[in-house]
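The values are calculated or read from the model by the stated rules, or taken from the named source; none is laboratory data. These numbers were taken from a predicted model, which means no experiment stands behind them. Note that we place each Cβ from the backbone using ideal geometry, even for glycine, and neighbour counts take in every protein chain shown.
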Amino acid sequence: MKYSDIDKHSAIIFELDNVIYPEKDYLFQVYYLFASLIEYLELHDAKVLTDLMVATYNTEGKDLVFDRVKEKFAIDEKYRINFQHLLLTAKLPLKLLVYQAVLELLQDIVVDRKKIFIVTNGNPVQQLNKIKQTEWHGLEEHLTCYFAEETLSMPEPNVLNLLMKEHDLKRKDILMIGNSEVSKACAEAYGIDYININKIL
């Protein structure tokens with residue numbers, strides 16, 4: 001898909017995780033940082049810990065990562081707080097890189113002077129941390145971000161209603177680009193156009 005396929009819209013909304021960048025690029029760096037902390041405090045091998053965390057993410061999902069490390073290496077439950085804190089506020093070793101196709105699309109939108117919004121579910125502290133550590137190539141000044149949990153999480157359309165009011169937009173003006181059934185349901189419920197990111201990547 002090319003920019004010309006969506007240029008009838010005057011405002012483009014992007015989800016964040018797995019739309020702007022691969023979420024695992026953030027999580028895997030957090031796993032590395034946590035494993036390094038445990039290596040320092042408990043003398044476990046950081047590489048082995050990191051490998052287990054990545055494997056757990058790939059096979060069972062991100063919600064079980066700490067539990068599997070705790071089980072395998074008898075990590076004290078007290079370290080769950082450290083892990084959760086890192087997930088929210090970690091200073092990453094490497095910047096998060098925008099998907100190349102999405103970067104090119106964002107650049108085209110900016111050149112055409114259209115509005116760009118990031119609308120994301122999830123903890124606002126964590127999501128803002130991701131946004132701040134993304135390599136935007138100068139595009140950040142053109143972004144306006146909304147955190148759905150500050151109103152009501154998607155698929156409830158409260159955040160879209162707020163966005164439209166604050167920027168004097170109509171439903172026909174807006175296209176949402178996402179990757180989840182939640183965002184698709186939100187867009188459909190509110191009556192705005194929606195495209196899955198897989199049509200772009």
Inset, instruction - Filter the stretch 2-32 down to residues that are of a type in the set (Asp, Glu) and not in a helix (DSSP H, G or I) and give me whichever is farthest from ASP112 (Cα to Cα). - result: ASP17
Inset, instruction - Mind telling me which of the residues ASP25, ASP17, ASP63 ends up being without any contact (Cβ under 8 Å) to a residue 24 or more places away in the chain and either on the phi < 0 side of the Ramachandran plot or in the same structural domain as LYS132 (by TED's automatic domain parsing) (or both)? - result: ASP63
Inset, instruction - Check ALA35, ALA101 and return the single one that is touching a residue at least 12 places away in the same chain (Cβ under 8 Å), closer than 30 Å to LEU169 by Cα and in a helix (DSSP H, G or I). - result: ALA101
Inset, instruction - Test ASP67 against the criterion of being more than 22 Å from ASN196 (Cα to Cα) and in a helix (DSSP H, G or I), and give yes or no. - result: yes
Legend entry - Check on LEU87, in contact (Cβ under 8 Å) with a residue 40 or more places away in the chain, surrounded by fewer than 18 Cβ atoms within 10 Å (Cβ to Cβ) and either within 19 Å of the chain's Cα centre (by Cα) or over 18 Å from LYS130 (Cα atoms) (or both): no
Legend entry - Considering residues of the stretch 123-148 that are in contact (Cβ under 8 Å) with a residue 40 or more places away in the chain and in contact with a helix residue (DSSP H, G or I) (Cβ under 7 Å, 6 or more places away or on another chain) only, the residue surrounded by the fewest Cβ atoms within 10 Å (Cβ to Cβ): ASN129
Inset, instruction - For the stretch 188-195, indicate whether the set of residues that are among the β-branched types (Val, Ile, Thr), within 20 Å of GLU23 (Cβ to Cβ) and touching a Ser or Thr at 6+ places or on another chain (Cβ under 9 Å) is non-empty. - result: no
Inset, instruction - Tell me, yes or no, whether the stretch 127-137 has at least one residue that is of a type in the set (Phe, Trp, Tyr), under 16 Å from the mean Cα position of the chain (by Cα) and either within 25 Å of LEU97 (Cβ to Cβ) or outside any strand (DSSP E or B) (or both). - result: yes
Inset, instruction - Report yes if ILE81 is over 14 Å from the mean Cα position of the chain (by Cα) and closer than 30 Å to SER4 by Cβ, otherwise no. - result: no
Legend entry - Boolean, ILE75 is farther than 25 Å from LEU52 by Cβ and either without any contact (Cβ under 8 Å) to a residue 60 or more places away in the chain or assigned by TED's automatic domain parsing to the domain that holds GLU15 (or both): no
Inset, instruction - Being assigned to a helix (DSSP H, G or I) and of a type in the set (Asp, Glu) is the filter here, so list the residues in the stretch 167-198 that pass it. - result: ASP173, GLU181, GLU188
Inset, instruction - Answer yes or no: is there a residue in the stretch 44-51 that is more than 13 Å from TYR32 (Cβ to Cβ), surrounded by fewer than 17 Cβ atoms within 10 Å (Cβ to Cβ) and among the charged types (D, E, K, R). - result: no
